[in-house]
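A short write-up of the structure that comes next.
The values are calculated or read from the model by the stated rules, or taken from the named source; none is laboratory data. Small disclaimer: the values here were computed from a predicted structure and weren't measured. Cβ placement follows ideal geometry from the backbone for every residue including glycine, while neighbour counts extend to all protein chains displayed.
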Amino acid sequence: MRIWDIALMSFESLNERKFRFALNLIGILIGCAAVTGLISITQGLSNNINEQLEVFGPQNIMVIPGQIQQGRGIVGTSLSWRDLEVISKIHDVKIATPIIANRMCTFSVKGREFFTEVFGVTHEYFELNKNAEVEAGRSLLRTDTNAVVIGANIAHPLNEEEPILGLGDRIKISVNVQDEVKELTLRVVGVYERTGGSFGVNLDDSIGIPFRTAQQLFEVGGEFDYILVQAESLDLVEEVVERIDEKMGETATVISFESAQELVGEVLGTIEAVLGGIAAISLIVAGVGIINTMTVSVMERTREIGVLKAIGAKSRDVLFMFLSEAIITGISGGIIGSLFGVFLSKIVGDYINLPPAPSLSLGFYVVSFALITAVMSGIYPAWRASNLNPVEALRYE
């Protein structure tokens, strides 16, 4: 039999059994949509983080107290002025500036209470972190004491039509320090441009105050949470990282642009594999459904197979006829499922404000996986059909 005749008979067979074909198609479609949607969102998250790292600056280095331990996160206390002095004197270090972070405060605006992160930085922080762009007003200066730069979501909450805070406005923040409530009145001198996040802090939902003011407010003395370092040039970053590692030893973790990228890649790769594996289970379930329906189809078409063989059809023709049905199911379900997965990822991405990153290569792999699943599932029923004895098949009731 010609390939065209085999394909035509397969289409006619599927057309006669629309309901079963639809069930198999839906099974493949759901699995492909889940795989495509989840991986597209994960890749979008990866791209978003890498963009933030790019803005943070490939010449910049973050020094964090303690060591990163698997299952426990960062285990350590804090950094000191001595650590800052040691790092500042390292060869090829251009700038080193301290950061006070991981502190929370509350304040009220027009009867509405906010609970947000407050961090203390020097004026050099704004020079190093290009993500800290000020949309209105200015950044903090060396001489500032009671000034504050607020995030875009604080100046103009997403659920409000108009901004609730602007330049020159005063806010009174309250913090809890050693079970004592302390208050501080600050004047808004700048509003950050909306970024969606930054390396180390989420600027959109944070407020930044002068470093010395934060030291006094939180009574941290000469201790702080991070040191932001910039190397003299991009080519010297790895050398600077090694020198800081040698000086700090196990008292601190040094994270560069490349090491952060590798860490993010490992974490998101694991997440992507787990989510993809979970979604792929539905494809396996769909494969079981294909085996079931095709086996029933062989039993129902036993006499038809006998007639085909009696008029000259070979066993391989029957095998290809049944396999082609599985191929049509796999390709159709894979393509429709991939497109539906892209559509779902767009909807979810818009809802969580995270652009997904679907790709043609992802679609190709998903359709290929669906095709392989369908063919593997259809091999046994097709083989069984091709090996039927024509005489016994014609006598089958």
Only one of these is modelled with pLDDT of 80 or more and either in contact with a Pro (Cβ under 9 Å, 6 or more places away or on another chain) or assigned by TED's automatic domain parsing to the domain that holds Gly37 (or both): Ala252, Ala280, Ala286. Name it.
Ala252
Scanning for something among the charged types (D, E, K, R), at negative phi and assigned by TED's automatic domain parsing to the domain that holds Ile90, does the stretch 218-229 turn up at least one residue?
yes
Based on this model, can you work out whether Val191 counts as at pLDDT 90 or above, touching an Asp or Glu at 6+ places or on another chain (Cβ under 6 Å) and crowded, with 21+ Cβ neighbours inside 10 Å?
yes
For a quick check of your reading of the model, give me the residue pairs whose first member lies in the stretch 135-149 and is closer than 17 Å to Ile173 by Cα, whose second is surrounded by 12 or more Cβ atoms within 10 Å (Cβ to Cβ) and among the basic types (Lys, Arg), with beta-carbon atoms closer than 6 Å and at least 6 apart or on different chains.
Ala147/Arg187
Among the residues of the stretch 240-262, is any of a type outside the set (A, V, I, L, M) and closer than 30 Å to Gly341 by Cβ?
yes
I need a count of the residues in the stretch 115-136 that are within 14 Å of Ile227 (Cα to Cα), outside any helix (DSSP H, G or I) and either acidic (Asp, Glu) or not assigned by TED's automatic domain parsing to the domain that holds Arg212 (or both).
0
